[in-house]
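The structure appears below as structure tokens.
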Amino acid sequence: MRHGSWLLVGLCALFSAPQLAKAQVLQPGSPLIGTFPTPIEIKEVETANDPLTNEVLTVQLPGAVTPGFLVLLDPPFSATDVLHWSDIIQFTGTQAILISDSDLQPFPDALVTSVLAGNPLFINEDHAPIIYSPTGATYQITSDVEGVPEPATLGLISLAALGLLRRRIRCR
């Protein structure tokens, strides 16, 4: 009987260990002490007529946070394809640094290597603002969202294109 109870305790410990390990790994941007009482706004400032350089924005946080990277993805939301990375938010000390890609070039190789080495968190950027809520904080991230049309809109666009094509054929 005693061996059976020890077996049961061992099985319970085996199944709960991964859950405890996950609970102790804090996501990037989680406050190290306490919580942030209000949402933190991270809003990308668009630079008019400047597609050649990456845009960088630094936001001062009310306290120290877990360091790490958060990567926002453009459609079709591929974390493995750097060309679909929209923005990178790097949490360091008491700052959140938003690094935006440019329209003509992807992120530099050195930055991509640093991000991938740091076990980043990926989020699909399919609306604005993106709400990111690690333990103890809420971030409202507004960036250059490339809209993902809903299925009804795609249907209307296809019907309109079909109508225009049909009209063009009739006019000939």
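The values are calculated or read from the model by the stated rules, or taken from the named source; none is laboratory data. All of these numbers come straight from a predicted model, not from anything done at the bench. No Cβ is skipped: glycine too gets one built from the backbone with ideal geometry, and neighbour counts run over all protein chains shown. Heads up: the accessible areas ignore ligands, DNA and RNA and are worked out on the full protein's heavy atoms, side chains in. Shrake-Rupley method; radii C 1.70, N 1.55, O 1.52, S 1.80 Å.
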message: Suppose we filter region 72-121 for residues that are among the hydrophobic types (A, V, I, L, M, F, W, C), open to solvent by less than 10 Å² (accessible area, probe 1.4 Å) and touching a residue at least 60 places away in the same chain (Cβ under 8 Å); how many remain?
response: 4
task: Give just the number: which of (1) out of contact with any Gly (no Cβ under 6 Å at 6 or more places or on another chain); (2) of a type outside the set (A, V, I, L, M, F, W, C); (3) modelled with pLDDT of 95 or more does PRO31 not satisfy?
output: (1)
